[in-house]
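Chemist: Here's a structure for you.
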Amino acid sequence: MRQVIIAGNWKMYKTAGEARRLVEDLKPLVGATQVEIVVCPPFTALAAAVNAASGTNISVGAQDLFWEDEGPYTGEVSGPMLKDLGCRFCIIGHSERRQYFGETDASVRKKVQAAFRSDLIPIVCVGETLAEREDGKTLEVCRRQVEEGLGGLTPEKIARLVVAYEPVWAIGTGKTATPQDAQEVIGFIRELLGKMYGKDPAQRCRIQYGGSVKPENIASFMEQPDIDGALVGGASLDPISFAAIVNTAA
Ligand code: PEP
């Protein structure tokens, strides 16, 4: 069966020193869990987090990468650089990157391929805006993001990667999708991956819910048959809250 995966997206919070302390504080709180735990600090704090997490059950991921491995791309960071630092995961296509930094389904697709080239596991974010939901376009938007962002891969890669369904209107707002609504979309994504790549890889692919996940609501999402964990923003910045989410999800 699919291993539960809880990932923390720290966004643009935490210096290197703060990241080290957060991981140190988290370690004793999540010691014995079967859950796969990932923390995703900003680029500048990745090395400190990797160092602090070394020898534990906590993996480290980046929040983005560029699709070329090296070259004249000022300000960008590549897959080989992240792998060299000790990262295992990389978030790709977060809605904040789509909204503020021009991320598109086409760039997501190139970044997913780049992550695999460097043996990084992509956590690929999809999800509709409030206007799209109100227009009844949720499934259509998620279908487009999955078909275009995750096209051109192999069944083996689909089985390895992680998808995060994050309705944009639920991120950082305190509003959540109902567990049933999240299940409906996540079940739809799994079915779509099945049509694209076959039932077996689609069953092995882990799909998270994201959007105002807290210790109080994680259990209701985990009860759903297709939800394999969560991508957590705000609540991942506090070790006690993040550990409570991990331990409740177990
Ligand atoms: C996120 O940033 O991916 C997220 C889900 O944020 P929050 O948990 O704060 O809504």
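Read the figures in this text as sums done on the coordinates, not as results from a lab. All values derive from a computational prediction rather than experimental measurement. Positions of Cβ are generated from backbone atoms using ideal geometry, with glycine treated the same way; all protein chains shown enter the neighbour counts.
Chemist: For Thr173 and Gln3, what does the FRET efficiency come to when R0 = 25 Å and r is the distance between their Cβ atoms, rounded to the nearest 0.05?
Modeler: 0.30
Chemist: With a Cα-only, solvent-free Debye model of the stretch 5-249, what are the log10 I(q)/I(0) values at q = 0.09, 0.12, 0.15 Å⁻¹?
Modeler: Normalising to I(0) and taking log10 leaves -0.34, -0.62, -1.01.
Chemist: I need the shape label for the stretch 116-186. Rule: rounded when a/c is under 1.5, else prolate if a/b > b/c, else oblate, with a, b, c from the alpha carbon gyration tensor.
Modeler: Details: a/c = 2.38, a/b = 1.84, b/c = 1.30.
It comes out prolate by the Cα gyration axes.
Chemist: Given the pairs Lys83/Lys175; Lys83/Lys195; Lys11/Lys195; Lys175/Lys195; Lys137/Lys199; Lys27/Lys199, which span a C-alpha to C-alpha distance of over 28 angstrom in this model? Could the numbers behind the result be given before it?
Modeler: Values: Lys83/Lys175 35 Å; Lys83/Lys195 31 Å; Lys11/Lys195 33 Å; Lys175/Lys195 31 Å; Lys137/Lys199 25 Å; Lys27/Lys199 36 Å.
Result: Lys83/Lys175; Lys83/Lys195; Lys11/Lys195; Lys175/Lys195; Lys27/Lys199 exceed 28 Å.
Chemist: Just how far, in whole angstrom, is the stretch 57-101 from the stretch 152-202 if you go by their alpha carbon centroids?
Modeler: If we compute the Cα centre of each part, the gap is 21 Å.
Chemist: Grab the other residues whose beta carbon is less than 14 angstrom from that of Ala159, score K and R as +1, D and E as -1, and report the net.
Modeler: On the way: positive: Arg2, Lys157, Arg160, Arg190, Lys199, Arg204, Arg206; negative: Glu156, Asp200, Asp228.
Residues near Ala159 contribute +4 overall.
Chemist: Let me ask something additional. So which GluC sites (Glu not before Pro) in the stretch 32-140 are both in a DSSP loop and have at most 11 other Cβ atoms within 10 Å of their Cβ?
Modeler: Working: sites: Glu36, Glu68, Glu70, Glu76, Glu96, Glu103, Glu128, Glu132, Glu134, Glu140; in loops: Glu68, Glu70, Glu76, Glu103, Glu128.
Answer in residue order: Glu70.
Chemist: What's the FRET efficiency of Thr154 with Lys214 using the Cβ-Cβ distance as r and R₀ = 35 Å, to the nearest 0.05? Can you show the working numbers first?
Modeler: On the way: r = 36 Å, r/R0 = 1.04.
Here the calculated transfer efficiency is 0.45.
Chemist: For the chain, what is the mean residue ellipticity at 222 nm derived from helices alone (per DSSP H run of n ≥ 4: -39500 (n - 2.57); sum divided by total residues; nearest 500 deg cm²/dmol)? Don't jump to the answer; show the numbers that get you there.
Modeler: Values: 12 runs with 109 residues, N = 250.
After summing the helix terms and dividing by the residues of the chain, the value is -12500 deg cm²/dmol.
Chemist: Count charges around Ala19 for me, please; just the other residues with Cβ under 15 Å from its Cβ, Lys/Arg as +1, Asp/Glu as -1. Mind showing how you got there, number by number?
Modeler: Numbers: positive: Lys11, Lys14, Arg20, Arg21, Lys27; negative: Glu18, Glu24, Asp25, Asp238.
Neighbour charge sum, excluding Ala19 itself: +1.
Chemist: What does the charge count near Val4 come to, summing +1 for each Lys or Arg and -1 for each Asp or Glu among other residues with Cβ under 15 Å from its Cβ?
Modeler: Details: positive: Arg2, Arg204, Arg206; negative: Glu36, Glu223, Asp226, Asp228.
Around Val4, the surrounding residues sum to -1.
Chemist: Where in the chain are the helices, taken as whole DSSP H runs, whose Cα atoms extend 20 angstrom or more along the long axis and whose Kyte-Doolittle mean reaches at least -1.0?
Modeler: Qualifying helices, which must be both long enough and hydrophobic enough, are 179-197.
Chemist: If I stretch the segment between Arg88 and Asp69 completely, what's the gain in nm (0.36 nm per residue apart, minus their alpha carbon distance), one decimal?
Modeler: Extra length available between Arg88 and Asp69 comes to 5.2 nm.
Chemist: Sticking with this one: Please list, or write none, the aspartates and glutamates whose alpha carbon is within less than 13 Å of the alpha carbon of Lys214, excluding same-chain residues fewer than 8 places away.
Modeler: The qualifying aspartates and glutamates are Asp238.
Chemist: Now for a separate question. If the chain between Gln113 and Phe101 were fully stretched, how many nm would it gain, using 0.36 nm times the residue separation less the Cα-Cα distance? Walk me through the intermediate numbers first.
Modeler: On the way: separation 12, 0.36 × 12 = 4.32 nm, distance 1.94 nm.
The span from Gln113 to Phe101 would gain 2.4 nm if fully extended.
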